[in-house]
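Visitor: Sending over a structure as structure tokens; questions will come in a sec.
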Amino acid sequence: MGFTFISTSKRRLASGNTFQNLLTALLLLIISASVFVQQGYGQGQPAHNTGAKYRRGMVVCATPNAAQVGLDILKEGGNAIDAAVAVQFALEVTHPEAGNIGGGGLMVYRSAGGETSTLDFREKAPASASQNMYLDSAGNVIPDMSLYTHQASGVPGSVDGMVEAHRKFGRLKWADLVQPAIDLAHNGFTISRRLASALNYDSKQFKKLNPGKNYLLKEEGWREGDLLVQEDLAKTLTLIRDKGRDGFYAGIVADQLVAEMKNGNGIMTKSDLENYHSVWRKPLTGDYKGYKIITMPPPSSGGVALLQLLKSVEAYPLHRWGHNQDSTVQLIVEAERRVYADRSKYLGDPDFYKVPVDSLLNPAYIKLRMNNFNWNAATPSSSIQPGNLAGHESDQTTHYSIVDSEGNAVAITTTLNDSFGSKTFVKGAGFLLNNEMDDFSSKPGVPNMFGLVGGKANSIQPNKRMLSSMTPTIIEKDGKLFMVVGTPGGSTIITSVFQTILNVIEFDQNMQQAVDSKRFHHQWLPDVVDVEKNALTSDATAILQQKGYKIVDRGPSGRVDAILVSPGGYYEGGADPRGNDTKLGY
Ligand code: DON
């Protein structure tokens, strides 16, 4: 916003008197800078995040280097999937907090012709995982065992996912898509202030979990502008470039991974790696006021929850009430409370648990769930239980959105779970392992790192996929591509995607505004409304508090990276200023 402001003022200045112009320019600069500081966006906002619109293609992702790699692939004639594969590997190098080959992810794809598919490359529990593996002899959850140990890692799915996506839809040569990441790892890249502080923040953990030297550690501490070279990772990526799937799930890298497991008391084996396969799943679709929502089915809870949330609020005049006004917030919170209660009971890996998707999305059921809230007072979460479904027996990450010149679109959310995953490297192979096992329910009712609770549906079983909140989503309007959206943020992913969609459809915000807008979040338990700084006016806050809502301030929520097709067919990006997220188009 600040940059657009300055450039508009520059244009206006062109014809005026010089001294006056200078004064006005100074004034505008000061105002504009103060707007930035107030919003807390002073750090790392790339200069190209303007309101520019593009005709041919667009990449919005977590780092400027990866966005450039994706854009180059599009310009070389690659399609959206080619660009996605290149971005995924470039993020492994330039966004080690979440970009990964040691984790997994979920993809939603829509071709220019309107065919849709989703690819589940979520991690799986190793074959020797067991339901109570994180409990002590008294049956209590052992703190941090599902987070910062070798047993915290699920079998990685990202490399297989990229191979599979490329096999089905790719156009350019595989090797050419992996090469830019190899170059970034081998030649190094200069790190941002954000990455420097993230690396410094976790240095103790890196040391503790990885005895010996490793290149994410720097004794004197990392500083913005330092060069990060990752030679071991370059070698691993070269094997992936040359051998595809076998470059990771077999041979040297598989040996290194299994050796790492043996040294660290882990349970992942060679056959776990050999047996890992990503799965094409039928997209989950729904309708919101004539917009077609195409999203991720289980093992994500995100798609089901997003469609439930949209249906829960559809009948109400959100547009008239206005963005983040008390009634809007109250309705959304009450919907979220109920939907997250359902999530805790009914959502899990559909290959292991019969997830009652149709019942959860039945409009009559959703209406019934919303019938019992009271405008005068907050419904306590203690009085809300997961719904009764007739006939039914009795979950650090990064997102990128890409569109190409033909109109093919891809939304991918990919994760190591926590920032830098389990903080454990595969020694010699240069990559970090996920701690996705924490997304399972270690014990019924005991919250995971995101405060989410679960039960049988999401209990640990051998080879099962842990429930995810990742919600990569594509929206159509009148049969044409309208929006590509998604975000990291653990349990807040679903509510961030939900609000971003409402910001555009209900509150007439453009893509960047919809992403910038402050967000809030409720997840049933704990019974609090988390709000970003200045998300609500003091009036709205007071009204909601008086009704019994417990409002709690939280830090920045999510990193939404999205693309909107604006009238005339122009691509308009929204890159989240809460990170170093970058949008590039041509
Ligand atoms: O799949 C999930 O729901 C989580 N593993 C996502 C974690 C996440 O988004 C953390 N990032 N901020």
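Visitor: Can you give me the C-alpha center-to-center distance between the stretch 252-328 and the stretch 97-123, rounded to a whole angstrom?
Guide: Using only Cα atoms to place each centre, the spacing works out to 10 Å.
Visitor: Seen from all sides and averaged, what is the projected area of the convex hull of the Cα atoms in the stretch 71-133, in nm²?
Guide: On the way: hull surface 25.8 nm².
With the hull built on Cα positions only, its mean projection is 6.4 nm².
Visitor: Which one, GLY479, VAL446, LEU467, projects farthest toward the positive side of the charge dipole computed for the chain from Cβ point charges (K/R +1, D/E -1)?
Guide: GLY479
Visitor: While we're looking at this one, here's another question. Given the DSSP H assignment, sum -39500 (n - 2.57) over each helix run of at least 4 residues in the chain and divide by its residue total; what's the result at 222 nm in deg cm²/dmol, nearest 500? Don't jump to the answer; show the numbers that get you there.
Guide: Working: 20 runs with 218 residues, N = 586.
The per-residue figure over the chain is -11000 deg cm²/dmol.
Visitor: Where q = 0.05, 0.10, 0.11 Å⁻¹, what log10 of I(q)/I(0) comes from the Debye formula for the chain, counting one point per Cα?
Guide: Log10 of I(q)/I(0), two decimals: -0.20, -0.82, -1.00.
Visitor: If the limit is 19 Å between Cα atoms, which of LYS270/LYS427; LYS173/LYS243; LYS270/LYS443 go over it?
Guide: Table pairs above 19 Å Cα-Cα are LYS270/LYS443.
Visitor: Between the stretch 489-510 and the stretch 546-568, how far is it from one alpha carbon centroid to the other, in angstrom?
Guide: 6 Å
Visitor: May I pose another question? Where the accessible area of the stretch 308-458 is counted over protein heavy atoms with a 1.4 Å probe, how much of it, in %, is carbon and sulfur? Mind showing how you got there, number by number?
Guide: On the way: 2620 of 5190 Å².
Using a 1.4 Å probe with all protein chains present, the stretch 308-458 comes out at 50 percent carbon and sulfur.
Visitor: What distance in nm lies between label points placed 7 Å from Cα along the C-beta direction at ASP242 and TYR316?
Guide: 5.9 nm
Visitor: Ok, one more. Along the charge dipole of the stretch 126-229, pointing to its positive end and built from +1/-1 on Cβ of Lys, Arg, Asp and Glu, which listed residue (ALA152, ALA181, ALA198) has its Cα farthest out?
Guide: About the Cα centre, the residue reaching furthest to the positive side is ALA181.
Visitor: Return the whole-Å distance between the Cα centroid of the stretch 411-480 and the Cα centroid of the stretch 129-152.
Guide: 16 Å
Visitor: Using only the heavy atoms of the protein chains and a 1.4 Å probe, how would LYS208, LYS213 rank by accessible area, largest first? It would help to have the intermediate numbers written out before the result.
Guide: On the way: LYS208 155, LYS213 200 Å².
Listed by decreasing accessible area, they come as LYS213, LYS208.
Visitor: Hey, another quick one. Using square roots of five times the C-alpha gyration tensor eigenvalues, list the equivalent-ellipsoid semi-axes of the stretch 53-165 in whole Å, biggest first. Please report the intermediate quantities before stating the final value.
Guide: Details: eigenvalues 255, 51, 23 Å².
Over the Cα atoms of the stretch 53-165, the semi-axes work out to 36, 16, 11 Å.
Visitor: Which ³J(HN,Hα) values, rounded to whole Hz and listed in residue order, are derived for the stretch 515-532 from phi using the Karplus coefficients 6.51, -1.76 and 1.60 in 6.51 cos²θ - 1.76 cosθ + 1.60 with θ = phi - 60°, glycine and proline given as x?
Guide: 3J(HN,Hα) across the stretch 515-532, in whole Hz: 6, 5, 3, 5, 10, 9, 7, 9, 10, 6, 10, x, 7, 9, 9, 7, 10, 5.
Visitor: Per residue, what volume in Å³ does the Cα convex hull of the stretch 196-320 take up? All intermediate terms of the calculation are to be shown ahead of the outcome.
Guide: Working: hull volume 28.5 nm³, N = 125.
Hull volume over Cα atoms, normalised by residue count, gives 228 Å³.
Visitor: With a ≥ b ≥ c the root eigenvalues of the C-alpha gyration tensor of the stretch 235-303, is it rounded (a/c under 1.5), prolate (a/b larger than b/c) or oblate? Let's see the in-between values first.
Guide: On the way: a/c = 3.77, a/b = 2.31, b/c = 1.63.
Cα axes put the stretch 235-303 in the prolate bin.
Visitor: Still on this model: Quick one: net charge of GLY188's neighbours, Cβ under 12 Å, K/R +1, D/E -1?
Guide: On the way: positive: none; negative: ASP183, ASP226, GLU231.
Residues near GLY188 contribute -3 overall.
Visitor: Working out 0.36 nm times the residue gap between ASN388 and GLU219, then minus their Cα-Cα distance, what length gain in nm do you get to one decimal?
Guide: Full-extension gain reported as 55.3 nm.
Visitor: Hey, could you grab the Kirkwood Rh for the stretch 267-307? Inverse mean 1/r over distinct alpha carbon pairs, Å, one decimal. Write down the numbers at each step before the final one.
Guide: Numbers: mean 1/r = 0.0807 Å⁻¹.
Final number for the Kirkwood radius of the stretch 267-307 is 12.4 Å.
Visitor: Convert each backbone phi in the stretch 249-263 into a coupling constant with the Karplus relation 6.51 cos²θ - 1.76 cosθ + 1.60 (shift: θ = phi - 60°), then list the ³J(HN,Hα) values in order as whole Hz, x for Gly and Pro.
Guide: 8, 9, x, 4, 5, 4, 4, 5, 5, 5, 4, 4, 4, 4, 5
Visitor: Still on this model: Where the only charges are on Cβ atoms (+1 Lys, Arg; -1 Asp, Glu), what is the dipole of the chain about its Cα centre, to the nearest 20 debye?
Guide: Values: 58 positive and 58 negative charges, 136 e Å.
About 660 debye.
Visitor: Counting only other residues whose beta carbon sits under 12 Å from that of ARG519, what net charge do I get with K and R as +1, D and E as -1? It would help to have the intermediate numbers written out before the result.
Guide: Numbers: positive: LYS518, LYS533, ARG554, ARG559, ARG578; negative: GLU336, ASP516, ASP530, GLU532, ASP576.
Counting the neighbours of ARG519, the net charge comes to 0.
Visitor: Let me ask something else about it. Quick one: what are the phi-derived ³J(HN,Hα) couplings along the stretch 556-569, Karplus 6.51/-1.76/1.60 with θ = phi - 60°, whole Hz, x for glycine and proline?
Guide: Each residue's phi maps through the Karplus curve to give x, 10, x, 9, 7, 10, 9, 10, 10, 8, 8, x, x, x Hz.
Visitor: Follow-up question, since we're still on this one. Let me check the size of the stretch 485-584 from its C-alpha atoms; what are the radius of gyration and Dmax in Å?
Guide: Using the Cα atoms of the stretch 485-584, the pair Rg, Dmax is 14.4, 46 Å.
Visitor: Here is a follow-up. How do 299-305, 119-125, 279-285 rank on mean C-beta neighbours within 10 Å, highest first? Could you put the intermediate results ahead of the total?
Guide: Numbers: 299-305: 30.3, 119-125: 27.1, 279-285: 16.9.
Ranking, from highest mean packing down: 299-305, 119-125, 279-285.
The values are calculated or read from the model by the stated rules, or taken from the named source; none is laboratory data. Just so it is clear, the structure is predicted and the values come from calculations on it, not from any experiment. Note that we place each Cβ from the backbone using ideal geometry, even for glycine, and neighbour counts take in every protein chain shown. We work out accessible area using only protein heavy atoms, side chains counted, and drop any ligands, DNA or RNA first. Shrake-Rupley method; radii C 1.70, N 1.55, O 1.52, S 1.80 Å.
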